[in-house]
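Okay, structure first, notes after.
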Amino acid sequence: MTNIKSFVGPVILVVLGLAAGCSSSNTASNDAPTAPAVFKVRFDTSKGPFTVEAHRDWAPHGADRFYYLVTTGFYDDARFFRVVPNFVVQWGIHRDPKVSAQWQDRSILDDPVIQSNFRGFLTYAMRGPNTRTTQLFLSLANNAALDRQGFAPFGRVIDGMEVVDQLYAGYGEAPQQPLIQMQGNEYLKSQFPQLDYIKSTKVEK
């Protein structure tokens with residue numbers, strides 16, 4: 001995994017931060033209801049809207065978890081805390097650290113990589129086998145090198161990619177993910193006030 005250090009290092013921090021505080025009985029489970037075969041999710045953000053089309057046959061465990069998190073409002077008010085131009089935009093730590101703690105070890109089983117991590121494709125962050133939880137990233141460029149490392153896309157942006165491209169990238173990788181886990185949006189609002197964020201998510205009918 002050393003050939004993409006700029007991505008893998010921060011992802012390890014993400015998942016290690018999520019790994020404490022829950023019993024091992026929740027590890028690598030599939031606790032979400034079955035998602036529709038294909039569904040669209042509209043993200044209303046501080047920069048404008050974009051729409052993701054998810055395909056369950058691309059990555060069923062990932063799509064099921066995503067559908068559940070969207071329908072329960074998990075991503076609402078979440079900050080795009082990691083934006084690296086020509087690479088990825090990442091989000092998925094809950095605004096409330098108490099809620100984040102409840103998801104710390106609720107990982108899902110791996111999916112085989114069927115689609116490639118091309119520009120606009122949506123994938124879970126992870127640190128190794130069966131470690132996906134709630135964090136997501138959108139590829140801002142062709143990141144096909146991630147395919148062989150097990151990063152399995154389950155959706156793609158079908159409208160509004162120009163909005164994604166405009167998300168504030170001035171902080172780079174400065175926001176510290178362990179601090180986001182512990183302090184939530186209070187930390188991000190005080191230290192990184194220009195971060196763009198998700199106002200709401202909605203499954204489109």
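Each reported figure results from applying straightforward, stated rules to the coordinates on display, with no laboratory input. Bear in mind that the values here come from a model prediction, so they are computed numbers and not experimental data. Here the Cβ positions follow ideal geometry from the backbone for every residue, glycine too, while neighbour counts run over all protein chains shown.
Straight-line reach from Lys189: taking Cα to Cα under 14 Å and skipping same-chain neighbours fewer than 8 places apart, the aspartates and glutamates in range are Asp77, Asp96. Evaluated with a Cβ-only charge set (Lys, Arg +1; Asp, Glu -1), segment 54-148 carries a dipole of roughly 240 debye about its Cα centre, given to the nearest 20.
Over segment 2-204, the ratio between the Cα radius of gyration and 2.2 N^0.38 Å evaluates to 0.92.
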